[in-house]
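Okay, so here's the structure we're looking at.
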Amino acid sequence: MKLYLDTADRAAAESLLSTGLFAGVTTNPTILKRASKGVRDLREIYRWATDAGAREVFLQAWGEDPATLIKRGQRLRDFGREVVIKFVATRAGSTACTALAARGIPTLLTAIYDPGQAIVAAAAGATYIAPYLGRLNDAGRQGIAEVVAMHEVLVATGSTTKVLLASIRNVPDMVALARHGVDCFTMAPDVAEQFFTDPTTAEAARTFEDAVRETSA
């Protein structure tokens, strides 16, 4: 099981990375904008994320043609071995993904909305695909069923490409997909905090601490 934080918010990410439960950080231009950051800040994000214990840092290349995407992807990878290069699953992005994957660079094809795109990602040698569960549901599609189909395509064909689920809005959706074998999830920090907010568990913790105090007096 690998959990990631979908954020460029340093304070939120460092707090959760310190638990040792999260394998790394995923970003894209929209996430950067939300944190008042830009592509000029990617090297710094990589630095603080790895200093905080991130074992993988996903950075998205930008550009409209394969040559530009490949060049920028390689420059991002040069930050360090923890970098995974993200490309949008367009024709240009898939072409660039193929080129970097052939060089042994870990890659991810993002904005996946159809099981057929999983086939392309496997052919490209992508390390991961990132389907957007919440946005699939917003589009009126059966998000969980679509993601299960993607996972089944990859498993049935013996591909090494893995589903890294994105656009997650709650823990039960992760549970539903984990039951089908999906084992990589990236989520916003507020969703990650849901793992630690079960009221019955909190009550049990208080009961145990009370018992310690009462028997230590």
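The values are calculated or read from the model by the stated rules, or taken from the named source; none is laboratory data. It should be emphasised that the depicted structure is a prediction, and the values quoted were computed from it without experimental measurement. Note that each Cβ is placed from the backbone with ideal geometry, even for glycine, and that neighbours are counted across all protein chains shown.
At-a-glance table
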read-out	value
Candidates Thr30, Thr26, Thr7, Thr19 - the one that is within 21 Å of Ile129 (Cβ to Cβ), exposed (fewer than 14 other Cβ atoms within 10 Å of the Cβ) and of a type outside the set (Gly, Ala, Ser)	Thr30
Test: residue in segment 151-166 that is touching a helix residue (DSSP H, G or I) at 6+ places or on another chain (Cβ under 7 Å) and assigned to a helix (DSSP H, G or I)	yes
Count of residues meeting criterion [of a type in the set (D, E, K, R) and surrounded by 14 or more Cβ atoms within 10 Å (Cβ to Cβ)] in segment 35-60	5
Residues within segment 178-192 that are assigned to a helix (DSSP H, G or I) and either free of Cβ contacts under 8 Å to residues at least 40 places away in the same chain or basic (Lys, Arg) (or both), tallied	2
Residue match in segment 64-81 (condition: in contact with a strand residue (DSSP E or B) (Cβ under 7 Å, 6 or more places away or on another chain) and within 19 Å of Thr160 (Cα to Cα))	no
Residues that are modelled with pLDDT of 95 or more and over 30 Å from Ala35 (Cα atoms), drawn from segment 177-199	Arg179, His180, Gly181
Any pair with Cβ under 8 angstrom, 6 or more apart, that starts in segment 25-53 at a residue that is on the phi > 0 side of the Ramachandran plot and ends at one that is exposed (fewer than 14 other Cβ atoms within 10 Å of the Cβ)	Gly53/Ser18; Gly53/Gly20
Matching residues in segment 122-145 - criterion: being surrounded by 17 or more Cβ atoms within 10 Å (Cβ to Cβ), small (Gly, Ala, Ser) and in a loop (DSSP other than H, G, I, E, B)	Gly125, Ala126
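Let's see how each residue does on (1) over 18 Å from the mean Cα position of the chain (by Cα); (2) on the phi > 0 side of the Ramachandran plot; (3) surrounded by fewer than 21 Cβ atoms within 10 Å (Cβ to Cβ):
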{"position": "Val147", "(1), (2), (3)": "no, no, no"}
{"position": "Thr157", "(1), (2), (3)": "yes, no, yes"}
{"position": "Ala188", "(1), (2), (3)": "no, no, yes"}
{"position": "Ala205", "(1), (2), (3)": "yes, no, yes"}
